[in-house]
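The values are calculated or read from the model by the stated rules, or taken from the named source; none is laboratory data. Note that this is a predicted model, so its numbers are computed, not measured. Glycine gets a Cβ as well: all are built from the backbone with ideal geometry, and neighbour counts include every protein chain shown.
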Amino acid sequence: MDKEIEKLNALIKEYGGVDSYTTDQAVELIEQLNVIIRQQGLDPETRAGFFDGICRVFNIELINRGNYEHGKYVFAPNHISEFDGPIFGTIVPNVLVVAKSDWVSNPKLNRLLEKICSLISVVRTDKSSGMKVLKGCIDHLNESQDAVVNIFVQQTIADIDITVPGDIATGAWIVAQKASAPVIPVYCEQVSTGHPTRIVFGEPIVCEDKDDFGRLWLESELALRDSIKDPAARKPVLCEKHQKPISQRAF
């Protein structure tokens, strides 16, 4: 198994880190992850098997997840690596993940992911696409008493230290209001095979006005990051594109 993890790390290094892959590169990385997970004696083509396996590979430690294993919620984690989607798509049963459209439109990648999680694609520059996604998220939450929608409210990979309230999409707040499901802030460290990767679930965000949502989400994320101790939360390593302020990027 060590050789297969070395191969995974070599691919990550070749592709420039964990935060910027083409969909074809993502296919290769997930296929390599699946090789490792099978060697662990788990089935990477099931939600639980994939999640248990990726937790072992990236040394994931879950903090307060047990508070949200049953019920209707909108998870709103920070976004710091290309592995975040598969992690949060399998972190509890019955999650619908809002994903960028190319992750859904690549047939090979979609075939890998549809076995373990549910995705709904959004074209970030298309308002009508955004409206369809909001409806799909609300419908998903209304179909069951145990249902989760995961929305990366930064809309892209970014360190929270360069994120400002105006960067935060209010779609998560709208979905939560329409479906009567609380928004749960989640702080996730950038994945690593050599260090612990802590994922901390916070308390529901209480927000009466959507114009306050970005500020309240960011305050929650900073507090969750600061709660990580021994050692303190690692600073993410990002490519040049993801080091730019979100407002200066072209989606």
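Quick notes
- Looking across the range 5-44, just one residue is free of Cβ contacts under 8 Å to residues at least 12 places away in the same chain and hydroxyl-bearing (Ser, Thr, Tyr), and that is THR22.
- Condition met for ASP126 (of a type outside the set (Val, Ile, Thr), out of contact with any helix residue (DSSP H, G or I) (no Cβ under 8 Å at 6 or more places or on another chain), within 29 Å of GLY166 (Cα to Cα) and at pLDDT 90 or above): no
- Inspection of the range 200-215 finds a residue satisfying the criterion of being modelled with pLDDT of 95 or more and within 30 Å of LYS7 (Cα to Cα).
- When each of LYS235, LYS241 is tested for being basic (Lys, Arg), closer than 30 Å to LYS7 by Cα and assigned to a helix (DSSP H, G or I), the lone residue that passes is LYS241.
- Positions within the range 192-226 being more than 18 Å from the chain's Cα centre (by Cα) and part of a helix (DSSP H, G or I), in sequence order: LYS210, ASP211, ASP212, PHE213, ARG215, LEU216, GLU219, ALA223, ASP226
- Taken together, the residues in the range 175-191 that are farther than 17 Å from PHE51 by Cβ, assigned to a strand (DSSP E or B) and aliphatic (A, V, I, L, M) amount to 2.
- Pairs meeting the criteria (first residue in the range 103-120 and basic (Lys, Arg), second residue not in a loop (DSSP other than H, G, I, E, B), beta carbons under 6 Å, at least 6 apart or on different chains) are LYS108/VAL27.
- Selection from the range 239-251 of residues that are small (Gly, Ala, Ser) and without any contact (Cβ under 8 Å) to a residue 12 or more places away in the chain: ALA250
- For the range 198-251, a residue qualifies if it is over 23 Å from TYR15 (Cα atoms) and small (Gly, Ala, Ser), and the qualifying residues are GLY202, GLY214, SER220, ALA223, SER227, ALA232, ALA233, SER247.
- Residue within the range 78-101 that is without any contact (Cβ under 8 Å) to a residue 24 or more places away in the chain, within 21 Å of GLU28 (Cβ to Cβ) and of a type outside the set (Asp, Glu) present: yes
- Taking the conditions (1) touching a residue at least 60 places away in the same chain (Cβ under 8 Å); (2) among the basic types (Lys, Arg); (3) surrounded by fewer than 18 Cβ atoms within 10 Å (Cβ to Cβ) in turn, ARG47 satisfies each one other than (3).
- Scanning the range 230-243 for residues that are at pLDDT 95 or above and either among the small types (Gly, Ala, Ser) or over 20 Å from the mean Cα position of the chain (by Cα) (or both) turns up PRO231, ALA232, ALA233.
- Among the residues of the range 181-203, those identified as under 24 Å from ILE138 (Cβ atoms) and touching a residue at least 24 places away in the same chain (Cβ under 8 Å) are ALA181, PRO182, VAL183, ILE184, PRO185, VAL186, PHE201, GLY202.
- If you go through the range 218-238 and keep only what is touching a residue at least 60 places away in the same chain (Cβ under 8 Å) and more than 11 Å from TYR187 (Cα to Cα), you end up with LYS235, PRO236, VAL237, LEU238.
Condition check ((1) under 28 Å from CYS207 (Cα atoms); (2) crowded, with 21+ Cβ neighbours inside 10 Å; (3) touching a helix residue (DSSP H, G or I) at 6+ places or on another chain (Cβ under 8 Å); (4) at pLDDT below 95) across all residues:
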| site | (1), (2), (3), (4) |
| --- | --- |
| ARG65 | yes, no, no, no |
| LYS72 | yes, yes, yes, no |
| ILE80 | yes, yes, no, no |
| GLY85 | yes, yes, yes, no |
| GLY89 | yes, yes, yes, no |
| LEU96 | yes, yes, yes, no |
| ASP146 | yes, no, no, no |
| VAL149 | yes, yes, yes, no |
